[in-house]
Amino acid sequence: MKMQKSLLVIRQLDKKIQALRPLEEWPVPASGWIALFRMTLKISLRQLGNKLSVTSQGMKDIEKREADGSLSLNGLKAAAAALNMKLVYGFIPRDGSLERMIERKAFEMAQKIVQRSSTTMRLEDQENSEERIKQAILEMAEDIKREIPKQLWD
């Protein structure tokens, strides 16, 4: 039952993540989003700075820190609010989905475990066929996927 609940949560998260996929293609402006929207809306550094209780120079520093990636999420959130906008952020798995990420990691882990035992058996002159090794990897990967052990992420 616990496994089914875990799989359900993973699939629900995957569905939500898919809604973020189109955003993956959006390039971040070189000057950052704050500067882009401020200039597009023709808001001066002073005007936006006043909303954030900082000087024009402070506002310029905020834009610079966003562009170089050193502005905190709270800073981005405050700037968005000052622009009458909302900050939205999320994570998108490189494998396409959480389920595929787990499958890949489980397969890698199973491969290591089976290859290690296969080497030991070869040394003892009890080697399995290549087909049996492949089957053992697939079976172990399925078990690992069901359990999602903490060491999967080591």
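Evaluate the Kirkwood expression for the hydrodynamic radius of the stretch 2-82, namely the inverse of the mean inverse distance over all pairs of different C-alpha atoms, and round to one decimal in Å.
Values: mean 1/r = 0.0676 Å⁻¹.
For the stretch 2-82, inverting the mean 1/r across all distinct Cα pairs yields 14.8 Å.
Please state, rounded to one decimal and in Å, the Kirkwood hydrodynamic radius that the chain gives when every pair of distinct Cα atoms enters the mean of 1/r.
Working: mean 1/r = 0.0507 Å⁻¹.
Averaging 1/r across every pair of different Cα atoms and inverting gives 19.7 Å.
R0 = 22 Å: FRET efficiency of Met39 with Ala81, Cβ-based, nearest 0.05? Let's see the in-between values first.
On the way: r = 18 Å, r/R0 = 0.83.
The formula returns an efficiency of 0.75 here.
For a paramagnetic label modelled at 7 Å from the Cα of Glu25 toward its Cβ, which residues of the stretch 74-109 fall within the zone defined by backbone nitrogen distances under 20 Å?
Only 89-97 pass the distance filter.
For the chain, set up a GNM with springs between Cα atoms under 10 Å and report which of Met109, Met85, Met101 has the largest fluctuation.
Among Met109, Met85, Met101, the largest mean-square fluctuation in the Gaussian network model of the chain belongs to Met85.
Straight-line reach from Lys150: which aspartates and glutamates fall under 16 Å, measuring Cα to Cα and dropping same-chain residues less than 8 apart?
Cα-Cα hits under 16 Å: Glu99, Glu103, Glu108, Glu142.
Mind checking the dipole of the stretch 24-144: about its Cα centre, +1 per Lys or Arg Cβ, -1 per Asp or Glu Cβ, Debye to the nearest 20? Walk me through the numbers on the way to the answer.
Numbers: 18 positive and 18 negative charges, 269 e Å.
That gives the stretch 24-144 a dipole magnitude of about 1300 debye.
Connecting C-alpha atoms closer than 10 Å in a GNM of the chain, tell me which of Arg11, Arg104, Arg132 has the biggest fluctuation.
Arg132
Since every read-out is calculated from the coordinates, none of them should be taken as a lab result. Not measured: the values here are computed from a predicted model. No Cβ is skipped: glycine too gets one built from the backbone with ideal geometry, and neighbour counts run over all protein chains shown.
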